[in-house]
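Just so it is clear, none of the values below were taken in a lab; they were calculated from the coordinates. No experiment lies behind these values; they were computed from the predicted model shown. As a convention, Cβ positions derive from the backbone with ideal geometry for all residues, glycine included, and neighbour counts pool all protein chains shown.
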Amino acid sequence: MIGQHIAMPGASKSKKGGIRLDFNPLSDSMPLDFRTMTGSEQGGLGSLLHVFYAYSAAIRQVSTKLEILDHEYQVLHDHNPVHHLESRLKTPTSIYEKMLRKGLPITKQAMRAHITDIAGVRVICRYREDIYTVRSALLAQDDVQLVRERDYIKEPKPNGYRSLHLIVRVPVFFSSGVEHLPVEIQLRTIGMDMWACLEHELCYKGALDASEAAREMKECAEMIAAADLKMQSAFQKLHQQSLAAGNEN
């Protein structure tokens, strides 16, 4: 069973159940400055809440597609390419700061038009080949539109980071109609995910000297990439032997 958790930004469960907001959403016509707005500047509750609900629904849409594909491969090929899924929504503060860096007007219209990674799904695969299997199967679906793709596996970042990044747009159906929303998907192996998590902690939290950390982390990335290929080769051999034995029986 693929596990996942989706958190609403600025929200938590109350003792009586349901969602309690830690901020009041703004109306469509007002600025998206979540840190400096006053109570009188805040708009109705429903407007911004719907924005984040819509993106969380887009996450569920993509996650469901990935779960179905994973189950299908288990049935047809006796193999689950997806080890597990993770998901997240950008916080309002993170969105605000990104819009400032991009020089965008601080409005929800600009946010929806230019910020494509509000909704994110991370797909942790067992083997490197599984990444491209999942990618091809997902993008073959008629209602999944590829917006952008960056392959940091075939062309790693200078620090050694490896992952396949996709921005896709998917339809989400509401009572008021359909919205086509972007979702960022990161696909990586278990090894790549381990490296990315530890690299962030070691290099950006001061655990190691910057230059020493960069060198050591890149060496680790190379070793993990080599191990990924060896593990994939071992799996392919075992899988072929299993299929051959099944055919004989």
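Please list, in chain and number order, the residues 5+ apart from SER87 or on another chain whose amide H is under 5 Å from its amide H, with Hs placed from the backbone.
Amide H neighbours of SER87: HIS5, ARG122.
What order, most packed first, do the peptides 51-63, 165-177 have when packing is the mean number of other Cβ atoms within 10 Å of each residue?
Peptide ranking by packing, descending: 51-63, 165-177.
Dipole magnitude of segment 42-190 about its Cα centre, charges +1 at Lys/Arg Cβ and -1 at Asp/Glu Cβ only, in debye to the nearest 20?
With Lys and Arg at +1 and Asp and Glu at -1, about 720 debye.
Starting from 0.36 nm per residue, how many nanometres of slack lie between ALA110 and ALA54 once their C-alpha separation is accounted for?
So the extension gain works out to 18.5 nm.
Please find the FRET efficiency linking LEU198 to ASN247, where r is the Cβ-Cβ separation and R0 is fixed at 45 Å, and quote it to the nearest 0.05.
Result of the calculation: an efficiency of 0.60.
Among DSSP bridges having both ends in segment 124-195, what percentage is antiparallel? Round to the nearest 5.
90
At 0.36 nm per residue, minus the direct Cα-Cα distance, what do ILE68 and TYR132 gain on full extension? Give it in nm, one decimal, please.
Fully extending the segment from ILE68 to TYR132 adds 21.4 nm.
Using 0.36 nm times the number of residues separating ARG150 and LEU76, minus their current alpha carbon distance, what extension gain do you get?
23.7 nm
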